[in-house]
Amino acid sequence: MIALAAAWIVPLLGLGGVVLDRVLVNAITENFDRQLEFALTAMVSSADLDEQGEVRFLRPLGDQRFFEPYSGLYWQVTAEGQESFRSRSLWDRLLGPAPAPDCREPCRYASRRFEGEPLRVVGRHARLPGAQTVFYFQVAESTRDLDQQVSQIRAFLFWFLGLLALGLLSLSALQSTYGLSPLGRVSRAIVAIRSGEARRVDEDFPDEIAPLVGEINELLEHGEEQAAAAQRHAGNLAHALKTPMSVLMGEAQARADPLAETVEAQVNIMRRHVDHQLARARAMGRRGDSAARTAVWPSLQAIARTVGRIHAARGVTIDIAGDKAAVFRGEQQDLEEMLGNLIDNAALHGGGRVFVTVARSGETVEILIEDDGRGIAEADRDKLFARGERLDTDKPGTGLGLAIVRDVAEIYGGAVMLEESEDLGGLLVRLRLPAAG
């Protein structure tokens, strides 16, 4: 908007400056020429012929500069075949001939006849009483003062229009900044909603912006209703499936044959899939209420104790270190879902040692889970995020743990990466989650 205003204001002021320059310069030049015409009229009206037929003035011209050599103001009378009659101010110089053969009306023109002294000349032809020839009367004046006035006017126009352009552009910038500031407030309010610091755009806005704010709030409310409805539908579907799965599991466990074992294994996979989708649905629903805050350290300690007891028979030790004040911008249940899967995987597939580190970096909480197992080849790491994909089939599980962690982390805008542990030699899982301020 400021650039558009500049593209409009600057050319218009430039055009206005050119027009004003022409008008003022023409007016000054016109006034200058009229003064010369007054002197020319007085000169013609006082001219007469003497006994020899030469021009003489009945009364002297009043301006003293006509009598001072090279004063800048001159007159001259010429006729064909006669010596020029000129003012004392011309001294040893002569004005030029008439620019046209018939200047009965005053002819105005500029002359460069005198080096270093530009002239403005007004002349006319006139026949004196009793004369047989036509005389050419002319008055000339140096334009140094005129040129100085023109330069002053142009300098004034340049600075005045420049300041005017600066003022108009400043006003345009102020108007644009002030006029668009409500949109900036709307933008900041939306950022606050995305970061979980607010649920609605609640500020007061001008009448022009209020409909937009109302539509945004209605859209947010509609999105929350849709998320809640989807969560309910997912929950209803999951619970509806759990009953027949429980029946199938009971029937399979009551029998001891290959078919029962297959049914039990597949029902376990189905249950993990249902739990996975329930976890996603819960996370999606809670993500709409992203004002939740969860301290990482207490949840991490609780999970470490629980997983340590589960794998105590194998001699698994879990050590945690790092930032005890780190806070996750999200729900505690989702954080514990992710940490539980990752720490349990490290304890299950590692060699007995698990090391967890918590660090805060800017707007991110980073949690590192390392084990002393065999690790995973870089080419195989991406496969672990596929649902049901497992590289170690000797251990129990369904291969959904990392997929659940990745889905929940991405819902919150986080990420999960698999690397090699430099300290323990096994797998390093890097979990990045949004931090609360």
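Annotations for the structure displayed:
- For the range 139-179 and the range 1-54, distance of Cα centres in Å: 19
- Part-to-part distance (alpha-carbon centres) for the range 190-245 and the range 313-344, which is given in Å: 29
- Gain upon complete extension [E419, A155; 0.36 nm per residue less C-alpha separation]: 87.9 nm
- Difference of contour (0.36 nm per residue) and Cα-Cα distance, Q148 to Q64: 28.0 nm
- Net lengthening on full extension, Q82/E197 (0.36 nm per residue, minus Cα-Cα): 31.1 nm
- Computed [θ] at 222 nm, deg cm²/dmol, the chain (DSSP H ≥ 4; -39,500 (n - 2.57); rounded to nearest 500): -17500 deg cm²/dmol
- Kyte-Doolittle mean at least -1.0 and Cα axial length at least 24 Å: DSSP H helices in the chain: 2-45, 144-194, 210-253, 258-287, 332-349
- Most to least packed among 408-420, 336-348, 12-24 [average Cβ atoms within 10 Å]: 336-348, 408-420, 12-24
- Distance between the modelled labels on Q301 and L241, one decimal in nanometres: 3.8 nm (7 Å Cα→Cβ projection).
- Sites R22 and L166 - FRET efficiency at Förster radius 25 Å, r taken between beta-carbons, to 0.05: 0.60
- Only one residue of V327, P101, G340 has its Cα farthest out toward the positive end of the dipole of the chain, where Lys and Arg carry +1 and Asp and Glu -1 on Cβ, and that residue is V327.
- Neighbour counts of C-beta atoms inside 10 Å place V10, V316, V354 in the sequence V10, V316, V354, starting with the fewest.
- Against the compact-protein benchmark of 2.2 N^0.38 Å, the Cα-based radius of gyration of the chain scales to 2.23.
Values in this text are rule-based calculations from the coordinates and carry no lab data. Predicted model only: the values in this text are computed from it and were never measured. We place every Cβ from the backbone using ideal geometry, glycine too, and count neighbours over all the protein chains shown.
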